[in-house]
Amino acid sequence: MVERPLIIVTGASRGIGRETANALVHEHGAHVLAISRDQSALDELRSAPDSTRVSTLALDLSQPDAPAQVQQVVGERRVHGVVHNAGLLLKKPLGAYTAEDLHRVFAVNVFAPLLLTQALMKQLAGDPPGHVLHIASMGGFQDSAKFPGLAAYSSSKAALACLAQCIAEEGKDRGVRSNCLAIGSVATEMLAAAFPGYTAPTTATEMGRFVARFVIEGHKLFNGKVLPVASTTP
């Protein structure tokens with residue numbers, strides 16, 4: 001019997017994360033551990049038709065014990081991929097940020113992916129290699145257009161892109177590969193909060209399907225890459 005891959009998706013309760021989880025289950029036959037702070041949204045995901053291969057964990061990944069909690073749920077099972085999709089948007093003009101603001105943004109967008117990957121290196125390592133996929137933003141892509149009010153968010157996504165490359169280097173001899181997708185305009189609640197009134201040409205379902213396929217197959221051709229995935233940016 002062919003082993004069904006186990007993929008962890010963070011920020012899985014809505015938007016790209018939710019659609020990625022759905023595509024992994026329904027189009028790729030994967031088992032998914034869906035993680036989010038929103039228990040009710042996770043319950044909806046778990047109760048959808050044909051969702052018997054979805055397990056859920058309500059968890060704030062910025063908390064110090066979060067990696068250990070995920071590790072405990074996974075146990076000794078092989079993890080074929082992690083999609084670091086959870087993200088925190090904070091829109092403020094320069095001059096209004098506090099140290100607490102910056103810590104909250106970086107705790108979710110940078111620290112949590114690093115610490116969770118670190119905790120799961122043993123479960124990710126193997127043949128075929130485990131794939132760590134970081135979901136960044138065109139706002140953090142080098143020399144891309146930048147927008148007022150997004151200094152903390154965009155800089156955190158730039159840090160996430162660099163982190164993806166660092167993990168690729170440390171994982172290459174351990175059977176772990178790492179890449180980053182810098183995503184452009186997608187119709188999500190986060191985009192609506194950042195750019196009110198803007199209509200994105202790409203749906204969350206379309207992007208989720210792309211992300212799902214990439215985490216399953218992308219490590220065969222890419223490692224340590226930051227790839228722009230955008231038809232437009234606002």
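Worth pointing out:
- Computed over neighbours whose Cβ is under 14 Å from that of ALA200, the net charge equals -3, Lys and Arg +1, Asp and Glu -1.
- The calculated 222 nm mean residue ellipticity attributable to helices in the chain amounts to -12000 deg cm²/dmol, summing -39500 (n - 2.57) over DSSP H runs of n ≥ 4 and dividing by all residues.
- Counting every other Cβ atom within 10 Å of each residue's Cβ, PHE210, PHE195 order from fewest to most as PHE195, PHE210.
- Ascending count of other beta-carbon atoms within 10 Å, so fewest first, for VAL176, VAL54, VAL9, VAL73: VAL73, VAL54, VAL176, VAL9
- Contact order, relative form, for the chain: 21 percent (alpha carbon pairs under 8 Å, 6 or more residues apart, mean separation divided by residue count).
- Cβ-based net charge around GLU27, under 10 Å, with every Lys or Arg adding one and every Asp or Glu removing one: +2
- Spin-label pair GLU170-ARG4: with each label point 7 Å from Cα along the Cα-Cβ axis, the two points sit 3.2 nm from one another.
- A simple packing score, the average count of other Cβ atoms within 10 Å per residue, orders the peptides 165-174, 123-132, 17-26 as 17-26, 123-132, 165-174, with the highest score first.
- All other residues whose Cβ lies under 11 angstrom from that of MET138 are scored, Lys and Arg at +1 and Asp and Glu at -1, for a net of +1.
- Violating pairs (Cα-Cα greater than 28 angstrom) within the set LYS91/LYS122; LYS122/LYS225; LYS91/LYS172; LYS157/LYS220: LYS91/LYS122; LYS91/LYS172
- Taking the square roots of 5 times each eigenvalue of the Cα gyration tensor of segment 6-229, largest first, gives ellipsoid semi-axes of 25, 20, 18 Å.
Rule-based calculations on the coordinates, nothing more; no lab input. Bear in mind that the values here come from a model prediction, so they are computed numbers and not experimental data. A quick note on method: Cβ atoms are made from the backbone with ideal geometry, for glycine too, and the neighbour counts reach across all protein chains shown.
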